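**Student:** Handing you this structure, nothing more for now.
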Amino acid sequence: MKNYISKIFSLALLGIVFLSSCQEKKLKALIVTGQNNHNWEVSHDLLSKILVNSETFTCEIATSPAKGEDMSGFNPTFDDFDVVVLDYNGDDWSAQTQKDFESFVKNGGGVVVYHASSNSFPNWEAFNQMAGLGGWNGRNEKSGPYVYWKNDEAFRDDSPGKGGTHGPQHEFMVIHRQPEHPILKGMPEKWMHSKDELYSKLRGPAENMTVLATAYADPKKKGTGRHEPMLMTIKYGKGRIFHTAMGHVGKERPIAAQSAGFILTLQRGAEWAATGLVTQELPEDLPNKAVPLILHNYKSYSLDELFQRAKKFEYGKSHKYVNLISNRIRMASGDAEKLSLYETKIIETLASDASVDAKNYLCRDLSWIGSANALPVLEELKANEATKEMASFAIERINQSK
């Protein structure tokens, strides 16, 4: 009996170890690139950085021959990967490569259709079913309906006309239409996106497609006056496709791809496409509906980075870094360990060579979370005419909360 129990215990332990190792195994992403009317030399690299920064993926790159060159030898082994990210808008793939890709998706492979890649392959029926919607390259009413948001649902419009348009690049608000979907769950339901091309008049089969998020194409920006799809999911066979119309990268600074909302939905959308689940935790810095949140390194700032930048704050200039600190404090409400850490960082900053404006701003945050540990530095600031008022305010609030 003891040997039997010992064997059962050993098997259970092995099962735990096996599950743990499975959970730690990263998903494999393949980014297909090499031709595009956008700056693919830059975009494929930043897409890789974004996915790797999520700590969920490893990435490999498949680069096609240049436009007009022989495509017969371009045949990535799609089945070796969990998700294929399309950063491609160019010559048709060979019949064999198309067949292999269709088989990969039908059998459960994940796909991310990124920005201009939806414009590819206008005559490849299966691809257009996978993308759901596309534009340009001769697309018209024969390609399928226009789709936009109307009366609280995705509206299919069979009107004749060309597919695909956008006005000048500009900032716009993204509105979640399926906020409980795993890709979006927990995110703000409205957030500002950085300067980007707002794709409009996309049309296609739109079968087995769910519109996750839209943006209003303002006529003042040569838009349609409609709420156009920005994020979509599509089912094809057993496969899952995540389609993002955002993230333009041209010759200019790729600010559209540095938007926190774009980055977060791409990371989560790629995981959903690969597995049907989203296990990634939401970061501390989330986009909001006031101003775009730009992540210059394609990831959230560490606490040290945030406070280093906040030290230079001046009223009348950007509130970005001090606002992010305030947001983290607000989100940590009830988490004593985190709040204690934030208090320590604020105390260190108040005792440093930070600007007067930064110190006054952080005194306000400290007034909410401060303890007796903060009183010595606040007493020092109280003796300085430039910081006297806010330091006194913080001291009073902290004493009242004792």
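The values are calculated or read from the model by the stated rules, or taken from the named source; none is laboratory data. Bear in mind that the values here come from a model prediction, so they are computed numbers and not experimental data. Here the Cβ positions follow ideal geometry from the backbone for every residue, glycine too, while neighbour counts run over all protein chains shown. Accessible surface is based on the protein model in full, side chains and every heavy atom, while ligands, DNA and RNA are left aside. Shrake-Rupley method; radii C 1.70, N 1.55, O 1.52, S 1.80 Å.
**Student:** Using a 7 Å offset from the Cα along the Cα-to-Cβ direction at both Lys251 and Lys49, what is the distance between the two label points in nm, to one decimal?
**Tutor:** 2.1 nm
**Student:** Also: Listed highest first by mean packing, meaning other Cβ atoms within 10 Å per residue, what order do 383-389, 60-66 come in?
**Tutor:** 60-66, 383-389
**Student:** A follow-up question, please. Going Cα to Cα from Lys220, which lysines come in below 18 Å? Please leave out same-chain ones fewer than 8 positions away.
**Tutor:** Lys195, Lys201
**Student:** Something else: Sort Lys320, Lys382 from largest to smallest accessible area, using a 1.4 Å probe on the heavy atoms of the protein chains.
**Tutor:** Lys382, Lys320
**Student:** Turning to a different aspect of this structure: Using just the helices of the chain, give the 222 nm mean residue ellipticity in deg cm²/dmol: DSSP H runs with n ≥ 4 each add -39,500 (n - 2.57), and the total is spread over all residues, rounded to 500.
**Tutor:** One gets -11000 deg cm²/dmol as the mean residue ellipticity at 222 nm.
**Student:** Counting only the heavy atoms of the protein chains, how much of Trp124 is accessible to a 1.4 Å probe, in Å² to the nearest 10?
**Tutor:** 20 Å²
**Student:** Sticking with this structure for a sec: Can you list residues from other chains, or at least 5 along the same chain, whose modelled amide H is less than 5 Å from the amide H of Gly134?
**Tutor:** Under 5 Å from the amide H of Gly134: Arg203, Gly204.
**Student:** Cross-link partners among lysines for Lys359, C-alpha distance below 21 Å, same-chain residues fewer than 8 apart left out?
**Tutor:** Lys311, Lys312, Lys317, Lys320, Lys338, Lys345, Lys382, Lys388
**Student:** What's the extension gain from Asn137 to Thr279 if we count 0.36 nm per residue and subtract their Cα-Cα distance?
**Tutor:** Gain on extension, Asn137 to Thr279, equals 47.4 nm.
**Student:** What do you reckon, how do Met232, Met209 stack up by accessible area (1.4 Å probe), largest on top?
**Tutor:** Accessible-area ranking of Met232, Met209, largest first: Met209, Met232.
**Student:** Heavy atoms only, probe 1.4 angstrom, no DNA, RNA or ligands counted: give me Lys311, Lys28, Lys99 ranked by accessible area, highest first.
**Tutor:** Lys99, Lys28, Lys311
**Student:** For the chain, which whole-number percentage of the solvent-accessible area (1.4 Å probe, protein heavy atoms only) is attributable to carbon and sulfur atoms?
**Tutor:** 50 percent
**Student:** Still on this structure, I have one more. By the scheme Lys and Arg +1, Asp and Glu -1, what is the net charge of all other residues having a beta-carbon under 13 Å from that of Val42?
**Tutor:** With Lys, Arg at +1 and Asp, Glu at -1, the net is -1.
**Student:** In a shell of Cβ-Cβ distance under 12 Å around Arg397, excluding Arg397 itself, what net charge do Lys and Arg (+1) and Asp and Glu (-1) give?
**Tutor:** Residues close to Arg397 contribute a combined charge of 0.
**Student:** I would also like to ask the following. Scan around Asp196 for amide H atoms under 5 Å from its own, H built in the peptide plane at 1.01 Å from N, and keep only partners 5 or more places away or cross-chain.
**Tutor:** His170, Glu171
**Student:** With volume of the Cα convex hull per residue in Å³ in mind, check (i) 197; (ii) 161; (iii) 135 and report the label derived from this structure.
**Tutor:** Checked against the structure: label (i).
**Student:** Turning to a different aspect of this structure: Roughly how much of His176 is accessible, in Å² to the nearest 10, using a 1.4 Å probe?
**Tutor:** Surface open to solvent at His176 totals about 10 Å².
**Student:** I've got another one for you. Give me the net charge of Lys235's neighbourhood, meaning all other residues with Cβ under 13 Å from the Cβ of Lys235; Lys, Arg count +1, Asp, Glu -1.
**Tutor:** +2
**Student:** How large is the accessible surface per residue of the chain, computed with a 1.4 Å probe and reported in Å² as a whole number?
**Tutor:** For the chain, the solvent-accessible area averages 49 Å² per residue.
**Student:** Next question, about the same structure. Might you work out the accessible area of His243 for me, using a 1.4 Å probe with all protein chains in place, and round it to the nearest 10 Å²?
**Tutor:** We get 0 Å² for His243.
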